[in-house]
Amino acid sequence: MAGRINDDDVKAVRDAVPIDAVVSEYLQLRNAGGGNLKGLCPFHDEKSPSFQVSPSKGLFHCFGCQEGGDTIAFVMKIDHLSFSETVERLAAQAGITLRYEEGGYNPTHQRGERIRLVEAHKIAAQFYVEQLDGAEAETGRTFLAERGFDQAAAQHFGVGYSPAGWDHLTRYLRGKGFSDKELLLSGLSQEGRRGPIDRFRGRLMWPIRDITGEVVGFGARKLREDDNGPKYLNTPETAIYKKSQVLYGIDLAKKEIARTSRAVVVEGYTDVMACHLAGVTTAIATCGTAFGGDHIKILRRLLMDNATAEVIFTFDGDAAGQKAALRAFEDDQKFAAETSIAITPGGMDPCDLRLAQGDDSVLKLVESRTPLFEFAIRQMVTRHNLETPAGRAAALDEAAPVVAAIKNIAIQHESAVQLAGILGILDTQFVVKRVAQLARWARERGGAGGRGPGGPGQDRRPRTYEAPAAPQAPSGPALNLRSPAHRTERELLKLALQHPGLVSPAFDAYGIDEFTAPPYAAVRRTIMEAGGAEAGAEDTSGYLARVRDTAPDDSVRALVTELAVEAVHARTVDEVYAGEQLVQVRLRAVDRRVADVQGTLARLGTGADPERYTAVANELWVLQQYGRALRNQGAAAL
């Protein structure tokens, strides 16, 4: 095992890699005010952004599922890495050489498994690219040229070639220090009769990258007649490659998808290449599997679920293409974006279309899209004989529940009128009333209903949708944010974490018992044990990290992160506002103590020991004078 990473190096990694730069590799971030950014949480499904990033503090927090932490915590959770693997990856990005407490510098073979597998794929991708220039790869270059891709296009997408021999890549990677176990785990090699051999041989190779741009797998196209394998062979499921969770081209398309709020889903690697070269730079494709729920999650985080976002599917016009389109419609309700379909003419895919008719034809294909909802309805009704009353009635029975599921009444009405026209029913009002009746019945049944259509301005979730349960809040009695005391304590703790200079040194003199909510008292104790707010004012860079590291458990640590990211409820955060919060928390503590002392005096009565009675009475007088000063003089009396 590798030694423990030097603490100073961990801090250097945290400081060197901005959290907003890391998070924006996975989801779109927008301004949330107060210097914070917001986006759709990657750790749970949500409709409205509750995930916030504070670049100045280097922290993230989701107010929906309560996940939070720093850059390292984010990468650990989203990529399922260990702490050391995460630090090593971020250090490599920042060009920082790590030191280890035991054994000096970390040898290459000691790195985490995921890091090693990613490195193997990176080296393999470079190896394949170099092989494409060789004599043996002539068939591969011809294949690309016949589909309209020159050398520049191949380089842009990292297309390469795997030699036809048994173990060219395997021997090459061994020479780079990779073990046979690592080669088998990576999926780049497979077990042969005499040890590992290359999985991909004599094929054109497309590197499959995750959303951060790291190569995690390959798609390999057969070139030779004597190759008895499938036409396309993909990397098997590995620790870094899950075909249901990757989209080919997402690394190239993600910024344009986020900028334009549009994604174009095509069916193959060459289709993605053709679309990008034709100017449709938001094109992506699945990798040997149907478009599904995990793919939707990736796009939703980039599209931010705004009402104007759009996902366009392109399918061949044949039966298989129509079936795929209807399967996509089954997932339509999972998008907040509008979904559309673009049917390629003559059964051509975008690659063939570009080759036959040029770049403009691909652009026109995307612009000629039809709402997926309308396409699905038309496919439903074509199964019936609309020339007969019985056929029209049967088609109405099948299609009307889909229209009835539209919650936006205006869109529902317009769609019902459209349905009447598709069916050829002249009595439009009959169809409108039928749809409205079905919608009413669905509401009366408690919201059970069909799928939503695909238009903006409506709730597109299935009516049986249940929001995911939020994790448990920090231990102790539930916080009551309607309580003025709890609200003020929360504000003061936010100031102590975010602006320690505004509340110190006064804050550090506050007792833990001045915070009436147990979770807030725990945070107050944690700040004290981390050196106090005054220490934070003197060393702001490492202050929050120290407080989070000092937290006694995950619940307190999560609350610290939440308070460090949550916006302070003031237009101007200055000494005046900070003083008001300090005074309110102290004043309520004084008032509570006054009430306690008054109760003690009442219990003592006139027959009490005079010395004891006088001491308690004096304490009451001092407290009352202090409370009066706080009310009259404010922060000056602290």
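I'd like to check something: does region 505-512 contain any residue that is more than 26 Å from residue 592 (Cβ to Cβ) and modelled with pLDDT of 90 or more? No, there is no match, as no residue in region 505-512 is more than 26 Å from residue 592 (Cβ to Cβ) and modelled with pLDDT of 90 or more. If you go through region 30-58 and keep only what is buried (at least 21 other Cβ atoms within 10 Å of the Cβ), touching a Pro at 6+ places or on another chain (Cβ under 9 Å) and either in a loop (DSSP other than H, G, I, E, B) or assigned by TED's automatic domain parsing to the domain that holds residue 566 (or both), you end up with 40, 41, 58.
Please verify whether residue 536 is more than 30 Å from residue 406 (Cβ to Cβ), surrounded by 18 or more Cβ atoms within 10 Å (Cβ to Cβ), at pLDDT below 90 and within 32 Å of the chain's Cα centre (by Cα), treating the condition exactly as stated. So residue 536 passes the test. Scanning region 413-423 for residues that are surrounded by fewer than 22 Cβ atoms within 10 Å (Cβ to Cβ) and over 19 Å from residue 383 (Cβ atoms) gives 413, 414, 417.
Listed here are the residues, each with its yes/no results for (1) of a type in the set (Lys, Arg); (2) in contact with a Lys or Arg (Cβ under 8 Å, 6 or more places away or on another chain).
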| residue | (1), (2) |
| --- | --- |
| 5 | no, yes |
| 30 | yes, yes |
| 37 | no, yes |
| 40 | no, yes |
| 62 | no, no |
| 78 | no, no |
| 97 | no, no |
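Of the numbered criteria (1) buried (at least 21 other Cβ atoms within 10 Å of the Cβ); (2) under 34 Å from the mean Cα position of the chain (by Cα), the one residue 499 fails is (1).
A single entry from 559, 604, 563, 620 fulfils the requirement of being surrounded by 15 or more Cβ atoms within 10 Å (Cβ to Cβ), touching a Lys or Arg at 6+ places or on another chain (Cβ under 8 Å) and on the phi < 0 side of the Ramachandran plot: 563. Regarding region 586-606, can at least one residue be identified that is over 26 Å from residue 524 (Cβ atoms) and acidic (Asp, Glu)? No, there is no match, as no residue in region 586-606 is over 26 Å from residue 524 (Cβ atoms) and acidic (Asp, Glu). Contact map, region 400-428: first residue assigned to a loop (DSSP other than H, G, I, E, B), second residue surrounded by fewer than 18 Cβ atoms within 10 Å (Cβ to Cβ) and acidic (Asp, Glu), Cβ cut-off under 9 Å, separation 6 or more or different chains; pairs are 407/459; 408/459; 424/387.
Scanning region 225-251 for residues that are assigned to a helix (DSSP H, G or I) and either within 27 Å of residue 371 (Cβ to Cβ) or without any contact (Cβ under 8 Å) to a residue 40 or more places away in the chain (or both) yields 244, 250. Put simply, of 565, 616, 556 the only residue that is in contact with a Ser or Thr (Cβ under 8 Å, 6 or more places away or on another chain) and modelled with pLDDT under 90 is 616. Of all residues in region 175-204, those that are in the same structural domain as residue 128 (by TED's automatic domain parsing) and among the small types (Gly, Ala, Ser) have Cβ atoms under 6 Å from Cβ atoms of residues that are in a helix (DSSP H, G or I) and surrounded by 14 or more Cβ atoms within 10 Å (Cβ to Cβ), 6 or more apart or on another chain, in 186/117; 186/120; 189/170; 189/183.
In region 126-143, of all residues being among the aliphatic types (A, V, I, L, M) and surrounded by fewer than 19 Cβ atoms within 10 Å (Cβ to Cβ), the one that is nearest to the chain's Cα centre (by Cα) corresponds to 129.
Yes or no, residue by residue, for (1) of a type outside the set (S, T, N, Q); (2) within 28 Å of residue 300 (Cα to Cα); (3) touching a His at 6+ places or on another chain (Cβ under 8 Å):
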position	(1), (2), (3)
166	yes, no, no
172	yes, no, no
183	yes, no, no
190	no, no, no
194	yes, no, no
222	yes, no, no
225	yes, no, no
241	yes, yes, no
253	yes, yes, yes
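Considering every residue within region 170-179, establish whether at least one is buried (at least 17 other Cβ atoms within 10 Å of the Cβ), touching a strand residue (DSSP E or B) at 6+ places or on another chain (Cβ under 6 Å) and at negative phi. Scanning region 170-179, I find at least one residue that is buried (at least 17 other Cβ atoms within 10 Å of the Cβ), touching a strand residue (DSSP E or B) at 6+ places or on another chain (Cβ under 6 Å) and at negative phi, so the answer is yes.
Residues that are crowded, with 17+ Cβ neighbours inside 10 Å and either within 14 Å of residue 165 (Cβ to Cβ) or of a type in the set (S, T, N, Q) (or both) within region 194-229 comprise 196, 197, 198, 199, 200, 201, 202, 203, 212, listed in sequence order.
The values are calculated or read from the model by the stated rules, or taken from the named source; none is laboratory data. Computed from a predicted structure; not experimentally measured. In this analysis, Cβ positions are derived from the backbone assuming ideal geometry, glycine residues included, and neighbour counts consider all displayed protein chains.
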